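Input: a single structure, listed below in structure tokens.
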Amino acid sequence: MRLKNSFFYTIRENAKDEDSISSNLLVRAGMIKKSSAGVYMMMPLGHRVLSKINAIIRDEMEKIDCQELLMPSLIPEEVYISSGRRAGFGNSMFSLKDRKGVSYVLGPTHEELFAAAAKMQIRSYKDMPFSLYQIQTKFRDEPRPRYGLIRVREFAMKDAYTFDKDEASLDISYAKQFQAYKNIMDRLHLDYRIVKADTGVMGGLLSEEFQAITPIGEDILVLSDDDSFASNIEVAPCIPEIAEKEDVLETLTLVQTPNARTIEEVTSYLKKDIKKFVKTLIYNVDDQAVAVMVRGDRDVNETKLRKLLQANSVELADPAMVMAATQAEIGFAGPIDIKCPLYADEEVMYMYNFIVGANKTGYHYTGVNQKDFTVTGHGDLRNIQEGDKNPNGDGVVHFAHGIEVGNTFKLGTKYSKALDLQYLDQNNKLQYVWMGSYGIGPARAMAALAEQNADENGINWPKDLAPFQVSIVIISMKDEQQVTIANQLHDTLQQQGIEVLLDDRDERPGVKFKDMELIGIPYRITIGRGISEGKVELKSRTGEVEEVQITDVVNKLKEVL
């Protein structure tokens, strides 16, 4: 491609309304442009990168005989009501009505439609297994779009679905998709980890995430040093720290703690180790107050709480609900005589002589033991912390931040039951189909790559994902020999199947050099004064420079590419 008569631009200054390295560089490189909050145009250079990512995805799907199709984005709202997911999506769905008053939504995900499509094929167990996928636009009304392509309201997603007769067959299909996803992530050159995750609104038996490691990642990943454990913090199991047994159980004592509401204030006032305190937090669980106890230095894991209680929604209670449950002002909640169900993190069940709120404004109890209150239930209800024991082996865990670029779900029969997707088994009895769901965000992967491969000059794309593999920069457009040789070399490289960009603009050499580095072209050929001696400069994006004979440059590029 020749730049002079092409759509090409770059921006010198940092983008004022972009809050990540990747979004800033992608905007400056002319690869994306914000249309509105969380909605981006994909410009020609960005589209070339995205197309290469999609090509890798399609190649790996073809290898496992996963067939591509395309679903609509405009979907009757009734589809999600019938599957029981409309309420779960809530305000995150874009909804509208047609001229007849029929309610529609812009599809946030397509499990229901794939199940409907599968009905066209499935009659008996002989009609399975098979798998389908698409690369289609999804819509979700994010309350806080940010980080460019990472958290948006309109985005392309590759989603695949497998259909099997039973759980054992699903396991086989899942393993094929899972390996294909690993192949895709490796071919994208991402630094990633695979972690266990919450099934969330998708539901099902198992969820695993492919997380690109980067400091701006919104997900907290829990990893062990020996690589035996990897999990999203939402579902990372905790090994309780067993408190040393105390020979004497203290007497329950009411003590005054004026103006001490937070755990920091109470520990400071009573001059006790924070591990001798238990926090009691009041949650609104499906519109009912629920109290949860955790050790003073721990935090409640709301995902675990939701799963334990099999609830739809879990959030901290408002002041009115807290005061109704505790009969006290906020900051003094405790387990003794609380007016709502009480759940305890497992660690609390091993504590002795600890301190809790007294459900009385300005007071706490000391010398608290298990006999002093009654729990409705207990279990693993806290967030794991850095330095905690590795749940799967020796050593401790540490944290990293990640961008979720892919996920895989064993859905089981959740959607087939909701949508009546059945088949006749070998005994001529009706059974529900077992489904799997598998998603990748191509644009998210593109943003993650930009984050991981950014430097002071721009984006250092992997050479097989860059918008072009080679750029040719003409130093002087007034030098006929330079122009002629550059155009000849451009045509030769194209004929050899090498993706080449010829910078034939009337710009200063420094501007051209900076632009080629900003957009991340892996190799640059500079044609200048040396051409009179048959020489050009070949420079890699990482800085290696060598002088090459013009007659050797094509072979040299074939070698490095």
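Tally up the carbon and sulfur contribution to the accessible surface of the stretch 1-49 as a whole percent, 1.4 Å probe, everything protein left in place.
54 percent
Find the Rg to Rh ratio for the stretch 115-207, where Rh is the Kirkwood radius over alpha-carbon pairs and Rg uses the same atoms.
Numbers: Rg = 16.1 Å, Rh = 16.0 Å.
Over the Cα atoms of the stretch 115-207, Rg/Rh equals 1.01.
Any chance you could check the Cα centroid distance between the stretch 61-83 and the stretch 485-561 for me, in angstrom? That distance is 44 Å.
Taking θ as phi - 60° and the Karplus parameters 6.51, -1.76 and 1.60, the scalar couplings of the stretch 17-31 work out to 9, 10, 10, 9, 4, 5, 5, 4, 6, 5, 5, 5, 7, x, 9 Hz in sequence order, x denoting glycine and proline.
If you take the square roots of the eigenvalues of the alpha-carbon gyration tensor of the stretch 461-503 and sort them as a ≥ b ≥ c, do you get rounded (a/c under 1.5), prolate (a/b over b/c) or oblate? Oblate, since a/c reaches 1.5 and b/c is not below a/b.
Computed from the alpha carbon atoms alone, the convex hull of the stretch 513-561 holds 69 Å³ per residue. The ellipsoid equivalent to the alpha-carbon distribution of the chain has semi-axes of 54, 32, 22 angstrom, derived from the gyration tensor eigenvalues as √(5λ) and listed largest first. Relative to the dominant Cα principal axis of the chain, helix 44-63 is inclined by about 70°. Given the stretch 304-394, report the % of alpha carbon pairs whose separation exceeds 22 Å. For the stretch 304-394, the share of Cα pairs beyond 22 Å comes to 38 percent.
Looking at the stretch 414-511, what % of its DSSP beta bridges pair antiparallel, to the nearest 5? In the stretch 414-511, approximately 55 percent of DSSP beta bridges are antiparallel ones.
Two decimals is fine: what's Rg over Rh for the stretch 249-296, C-alpha atoms, Kirkwood radius as Rh?
Numbers: Rg = 13.1 Å, Rh = 12.4 Å.
The Rg/Rh ratio comes out at 1.05.
Each of Val255, Asn232, Tyr283 was placed along the dipole of the stretch 231-301 (beta-carbon charges, centred on the mean Cα), and the one lying farthest toward the positive end is Val255. Computed with a 1.4 Å probe on the full set of protein chains, the accessible area for Ser73 sits at about 30 Å². For Lys182, a cut-off of 18 angstrom between C-alpha atoms picks up these lysines, skipping any fewer than 8 places away in its own chain: Lys52, Lys63, Lys158, Lys196, Lys410.
Split the accessible area of the stretch 198-272 by element, probe 1.4 Å, and carbon with sulfur accounts for 51%. Only protein heavy atoms count here; on that basis, with a 1.4 Å probe, Ile216 has an accessible area of about 40 Å². Hey, which aspartates and glutamates would be in cross-link range of Lys126, C-alpha to C-alpha under 19 Å, not counting anything within fewer than 8 residues on its own chain? In chain and number order, the partners are Asp65, Asp164, Asp166, Glu167, Asp171, Asp420, Asp425. Find the percent of Cα-Cα distances in the stretch 150-298 that exceed 26 Å, and round it to a whole number. For the stretch 150-298, the share of Cα pairs beyond 26 Å comes to 53 percent.
At 1.4 Å probe size, with every protein chain present, just tell me what the per residue accessible area of the chain comes to in Å². Please list the in-between numbers first.
Working: 26100 Å² over 561 residues.
I get 47 Å² per residue for this part.
Volume per residue of the convex hull around the Cα atoms, evaluated for the stretch 60-115, comes out as 103 Å³. Computed with the Debye formula from one identical point scatterer per Cα of the stretch 8-162, without solvent, the log10 of I(q)/I(0) at q = 0.11, 0.17, 0.18 Å⁻¹ comes to -0.57, -1.10, -1.16. Lys389 sits with roughly 130 Å² accessible to a 1.4 Å probe, with DNA, RNA and ligands left out of the calculation.
Applied to the stretch 527-536, the Karplus parametrisation 6.51 cos²θ - 1.76 cosθ + 1.60 on θ = phi - 60° returns per-residue 3J(HN,Hα) values of 10, x, 4, x, 5, 5, 9, x, 10, 10 Hz, with x for Gly and Pro.
Its Cα gyration tensor gives the stretch 354-404 an equivalent ellipsoid. The semi-axes, each the square root of 5 times an eigenvalue, are 34, 15, 12 Å from largest down.
Our note on the geometry: Cα centres of the stretch 108-182 and the stretch 216-252, 33 Å apart.
The smallest convex shape that holds all Cα atoms of the stretch 9-71, its convex hull, gives 111 Å³ per residue. Relative to the longest principal axis of the Cα atoms of the chain, the long axis of helix 480-495 makes an angle of roughly 60 degrees. Across the stretch 225-329, counting alpha-carbon atoms alone, Rg and Dmax equal 16.8, 48 Å.
What does the charge add up to near Cys66, with Lys and Arg as +1, Asp and Glu as -1, over the other residues with Cβ less than 14 Å from its Cβ? That works out to -3.
To the nearest ten degrees, helix 167-187 and the longest principal axis of the Cα atoms of the chain are 50 degrees apart.
Mean residue ellipticity at 222 nm, helices only, the chain: -7500 deg cm²/dmol; runs of at least 4 DSSP H residues each add -39,500 (n - 2.57), and the sum is divided by the number of residues. Measuring nothing but protein heavy atoms, the accessible surface of the stretch 313-380 at 1.4 Å probe radius is 53 percent carbon and sulfur. 3J(HN,Hα) along the stretch 148-164: x, 7, 7, 10, 10, 9, 10, 7, 7, 9, 8, 10, 10, 9, 10, 10, 9 Hz, from the Karplus curve 6.51 cos²θ - 1.76 cosθ + 1.60 with θ = phi - 60°, whole Hz, x for Gly and Pro.
The values are calculated or read from the model by the stated rules, or taken from the named source; none is laboratory data. All values reported here derive from a predicted model rather than from experimental measurement. Reconstructed Cβ throughout: ideal geometry from the backbone, glycine too, with neighbour counts over all protein chains shown. Surface accessibility is based on the protein's heavy atoms, side chains included, excluding ligands, DNA and RNA. Shrake-Rupley method; radii C 1.70, N 1.55, O 1.52, S 1.80 Å.
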